[in-house]
Amino acid sequence: MSSLSRELVFLILQFLDEEKFKETVHKLEQESGFYFNVRHFEDEVHNGNWDEVERYLSGFTKVDDNRYSMKIFFEIRKQKYLEALDKHDRSKAVDILIKDLKVFSTFNEELFREITQLLTLENFRENEQLSKYGDTKSARAIMLVELKKLIEANPLFRDKLQFPSLKNSRLRTLINQSLNWQHQLCKNPRSNPDIKTLFVDHSCGQPNGARAPSPANSPLLGPLPKVGGFPPLGAHGPFQPAPAAVPTPLAGWMSNPPSTVTHPVVPGGGVIGLGGPSIPGDASDPVSKRTRPLGIVDEVNLPVNVLPVTFPGHGHAPAFTSDDLPKAVGRILNPGSSPMSMDFHPVQQTLLLVGTNVGDISLWDVVSRERLLSKNFKVWDLSCCTTTLQATLVKDPGVSVNRIMWSPDGSLFGVAYSLHVVQLFSFNVNNEVRQHLEIDAHVGGVNDLAFAQPNKQLCVITCGDDKTIKVWDAVTGVKRHTFEGHEAPVYSVCPHSKENIQFIFSTALDGKIKAWLYDNMGSRVDYDAPGRWCTTMAYSADGTRLFSCGTSKDGESFIVEWNESEGAVKRTYQGFRKRSFGVIQFDTTRNRYLAAGDDFSIKVWDMDNVNLLTTLDADGGLTASPRVRFNKDGSLLAVSINENGIKILANSDGMRLLRTFENFSYDVSRTPETLVKPKVNPITATAATAPISAGLADRGAPAVVTSGMNGDARILGDVKPRITEESNEKSKLWKLTEISEPSLCRSLRLPENQRANKISRLIYTNSGSAILALASNAVHLLWKWQRNDRNSTGKATASVAPQQWQPSSGIVMTNDVNKNNPEEAVPCFALSKNDSYVMSASGGKISLFNMMTFKTMTTFMPPPPAATFLAFHPQDNNILAIGMDDSTVQIYNVRVDEVCPL
């Protein structure tokens, strides 16, 4: 819905409220999704009208939209459940448990079991966490305070809690002004026209011989707008006849086409999308409502004063600053070959897909740095391929990944290769990766791939060296459309939708930009991109702003924002080097920032300012033109580095995300872990997903979050996917080798920058790429093997010397020591399963260190007794066993900072 339509809804809401149509007002608020009436919501909660509360919320969010939405719905349903128990209405409580609360068991099974056990109590207040539950009225009031905070923090409610400050009866005033305008335009104006209806244009009766002056210079109306802003295609466009009026997002691009161009039509199977003379689409579709643009377009310059809606004791979130940008290096990954394309999972935001220049694809858990999936390129069924592809594979088997991308819901991912082929893999609810579809899509390379949902049917869109764009059914692989008209290889595609209009932008290597509806009627746009060579296009995450990034053959690079209403460049961003080293890639995040890799750095712009905002160097090591990719919420940024590596940059939210996932990671063989015993009221649970926009600006939803009954949010680690494939390799029989000669061994002296009398403890990291030592002076030493030509795996080897590693801060991990009896100290340490933490002691307090920063996270348990042995739980990094010098064993729980003796 356009900005003008949104403003009209506000005018109608004001009119309905003034006319006392209260139920209609709230129905329109809910159906439009433009204004969330907090007062109405409060009244319904206080009255316990739970069905109406959820119905009203449904116009703005769904249960699984994000973690705030999840918690809002959980709090409401939990309160409804407790009220049923309080009335001893067991049958209703069971019904609520099964129908309303069961959905949360997916994210926290233990919490659901604990809620279910409340049914066995005569009074649920016997539960320690609910012992302070008062009466129904006070419980609702307490819950409402929490709900208000969650609503204000929820990004889906942003700009929806404020009603514009309008003069009384604004809609009536505008209608009167319109009637006045009609009267001035009338050929026979009358001093006091008799207006009996608004249903038709006004016209005066008997002529009086006078002609009304033109309204062009009316002091009330101001100058008339210029004609031709959004003309129909038939009036100005070269493609005649048109089956339908041009949709608003494309109309401006076609107002003044540079020349008359005709393109052939290539039918491609069953029609989906915008076929026929009408434009299909359900205006009531709640998904469409959530993705409608909410900003005011440039043509509307009316000042709007808004009355802020605040909640008691809770301020508004601060505006974005450059500190929101991911700057700190959180992780380093080593795919083994040069990354060409990357994409974060739309739901599990710490999963990263990587495609490389040798055709390899891999799936990484950026928390543990573990490669969950690794596949080399191979054709699944060569007999089904065209003879052209078969001949090409024989002649030149080398292949590169041009694009790798998740589908909007993360259930599929697609890979576009430099030779003919597109492969789709499924990533299902059981966390299995399976081969889904293989498509011999184009003659030559497949240069780009994207997912779209015309008519709510998931499709994959590809483009290639054969100068075509093709649309494929993502479920069956059937080709739905083929778009021809480019005169050069098609470089990129950007599908999008606005106001229920589905369309695709495409760019070619001759710099041409074209746009297509799903109707096989040819291109609607023919414009030149800045640079006139390799160009990609992307919308901001909210779908309201269009950008393109391109590089010319001479190395000159551009990022521009387009004015869609005019088909012209709105602003050009400054800051690129004069001659870029390669084709520039870019990405957008938070509806606020643009980032591009150039000149061995990441350059960042505020979307509203053409000047460079900041430059990120990621602690050095970036490639000349780094590849860049943000995760959905912009807290993580993947960038390519030298020696075929990837750095994961994080802001403060991203670092917390990595740490929290890391602390609560678990194996695929286990169910979600039992969380800490609850301590305080109320029962809470949260989870996170997010709305999705299509095209190159595609973002996924965030990761799943859970919390215990004390409201302490915990993010469960990603379940490791299992790749399901047939393997013909037989198990290998290993023969033990007896080492009897010195020549069978190789020695290597580890370099050290710090003096240590002796090494007291030594261990390999679990990844096998480093050695951690604890010296007698309580100092830890870490040596890492780097991936290079002599050591392609980056694992420990005696053939290549490792390098002693220390963070740039210069911090040294040093244990607390017992100054009274240092010679009696028994040094000990334990490394967490994912190599991120080390628990250590040297006769004094036990210390917990962060292996990435060397910072001391906590110290505890001063002697006596002193620790002599430490061991992490094999499946839970938060549980530690501690052996003491008095022969006792203690169990330490990191989550609650408690020590329990065995």
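For the reader, a short list of remarks on this structure follows.
- To the nearest 10, the accessible area of SER91 is 90 Å² with a 1.4 Å probe.
- Given +1 at the Cβ of Lys and Arg, -1 at the Cβ of Asp and Glu and no other charges, the dipole of the stretch 36-157 around its Cα centre is 100 debye to the nearest 20.
- Rolled with a 1.4 Å probe across the full set of protein chains, the surface gives SER506 an accessible area near 0 Å².
- For the stretch 529-661, a crude dipole built from +1 on the beta carbon of Lys and Arg and -1 on the beta carbon of Asp and Glu, taken about the Cα centre, is about 140 debye to the nearest 20.
- Just the protein heavy atoms count here, and of the accessible area of the stretch 513-613 at 1.4 Å, carbon and sulfur take up 44 percent.
- Considering all different alpha carbon pairs of the stretch 26-96, the Kirkwood hydrodynamic radius works out to 12.9 Å.
- Alpha-carbon centroids, the stretch 446-475 and the stretch 505-568: separation in whole Å: 17 Å
- Debye intensity ratio in log₁₀ form over the Cα atoms of the stretch 36-157, taken at each q of 0.15 Å⁻¹: -0.69
- Here the convex hull built on the C-alpha positions of the stretch 529-661 has a volume of 105 cubic angstrom per residue.
- With all protein chains modelled, accessible area of MET521 [1.4 Å, Å²]: 80 Å²
- For the stretch 523-597, the solvent-accessible area of protein heavy atoms averages 34 Å² per residue (probe radius 1.4 Å; ligands and nucleic acids excluded).
- For the stretch 754-899, with +1 on Lys and Arg beta carbons and -1 on Asp and Glu, the positive-most of TRP783, PRO822, PHE869 along the dipole: TRP783
- Estimated from the Cβ-Cβ distance and a Förster radius of 51 angstrom, the FRET efficiency linking ASN766 and LYS132 is about 0.70.
- Rounded to the nearest 20 debye, dipole of the stretch 754-899 from Cβ charges on Lys, Arg, Asp, Glu: 640 debye
- Percent accessible area from carbon and sulfur atoms, the stretch 36-157, protein chains only, probe 1.4 Å: 48 percent
- For the stretch 754-899, convex hull of alpha carbons as volume per residue, Å³: 116 Å³
The values are calculated or read from the model by the stated rules, or taken from the named source; none is laboratory data. Owing to the predicted nature of the structure, the values given are computational and were not obtained by experimental measurement. Cβ: placed from backbone, ideal geometry, glycine included. Neighbour counts: every protein chain shown. Ligands, DNA and RNA are excluded from the accessible area calculation, which covers all protein heavy atoms including side chains. Shrake-Rupley method; radii C 1.70, N 1.55, O 1.52, S 1.80 Å.
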